[in-house]
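Readers should treat all values here as calculations from the given coordinates under stated rules, not as data from a laboratory. Everything numeric in this text was worked out from a predicted model, so none of it was measured. So basically every Cβ, Gly included, is an ideal-geometry build from the backbone, and we count neighbours across all protein chains shown.
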Amino acid sequence: MFTTLLCLLTTFLPAAQKDSSSLLWKISGHGLSKPSYLFGTIHMLCTDDLPFSVAIGKAMKETKAFYMEFNMDDTEAMTRIAGEMMMPEGYSFKALLSPEDYTILSDYFRDSIGTSLQLLDKMKPMLIMSILMEKTATCPNPVSCENMLLLLAKDQGLTIHGLEKAEDQIAIFDSIPDKEEAESLVKQVKDMAASRTEYQQLLDAYYKADLNQLLGLILQEEDVVRYKKLMLDDRNNNWIPVITKQIQQTPAFFAFGAGHLAGKGGVIALLRKAGYKVEPVAL
């Protein structure tokens, strides 16, 4: 389902087994005087289960810059993209669904989220997905892994950057038919218990830092395979020049969806192909 894609994007081919047991990776070699780091995130976590450790703090202290998928600390950019979440005149989210399915989704938003779906009728499905996403967590007050890392990076005085623009990420979901996204939301709500179970399985694999298990779970979703190139491969390739340019200048800490780490088309493999040494760091 597309909410899974938002939570954790995982590449198709697994790396070697020895590369499947860490979320934190050190980049060295290829002329670097100081190492940089990669860290795999997952969107929603329970407060008591944050996978932060002394190793992450130590790695950040060795760097000067912090990179996220896009710069969530850029107030101007975040304000700008808020307008891009609105659809043009004549659009209606309600029109994407049958009356029966819309009623199911509307009732759920009213009863479980406390929001009228009608108020979101001119919003892109991506925004509605992000609201529903919190309900897949099995704890009452889930938190954002990215936000916690951002706060830690700011506390340590790192400069904040994005591997891509927020508009780039929005464009990815814009290229997926709205009707598919809407139907995915209905499917999730119709069987929320199964959705929560699936997400808990993802969390369990994430807490174990088992990238291969994450891969197997994600590949149960046909949507992931269908849009793998768009959501994973192309972005991984676009990020490599950004990463390599930065680490040749000053050491940096890169945090992005854990699914971008593994596989022949993943960031780890692409950096190794470019001549860098990338090795796991114990958490």
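So the values come out like this:
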{"read-out": "Footprinting exposure proxy for His161, His43 (fewest neighbouring C-beta atoms within 10 Å first)", "value": "His161, His43"}
{"read-out": "Expected 222 nm ellipticity per residue - DSSP helices of 4 or more, -39500 (n - 2.57), all of the chain, to 500", "value": "-13000 deg cm²/dmol"}
{"read-out": "Top positive-direction residue, dipole computed over the range 216-283 with Cβ charges, set Tyr227, Gly275, Gly257", "value": "Gly275"}
{"read-out": "The range 35-187, Cα convex hull volume normalised per residue, Å³", "value": "130"}
{"read-out": "FRET efficiency for Ile172 and Gln248, using Cβ-Cβ distance with R0 set to 45 Å, rounded to 0.05", "value": "0.95"}
{"read-out": "About the Cα centre, charge dipole magnitude for the chain (Lys/Arg +1, Asp/Glu -1 at Cβ), debye", "value": "1240"}
{"read-out": "Listed residue (Thr138, Met86, His161) projecting farthest to the positive dipole end of the chain, Cβ model", "value": "His161"}
{"read-out": "Size descriptor, Kirkwood hydrodynamic radius, that averages inverse alpha-carbon separations across the chain, Å", "value": "19.5"}
{"read-out": "Quotient of C-alpha Rg and 2.2 N^0.38 Å, computed over the range 205-283", "value": "1.16"}
{"read-out": "Values of log10 I(q)/I(0), in the order q = 0.09, 0.11, 0.17, 0.18 Å⁻¹, for the range 134-283 under a Debye, Cα-only, solvent-free model", "value": "-0.35, -0.53, -1.31, -1.45"}
{"read-out": "10 Å-binned pair-distance histogram of the range 154-221 (Cα, whole percent)", "value": "16, 26, 40, 16, 2"}
{"read-out": "Cα-Cα over 32 Å, subset of Lys190/Lys229; Lys94/Lys229; Lys154/Lys179; Lys229/Lys277", "value": "Lys154/Lys179"}
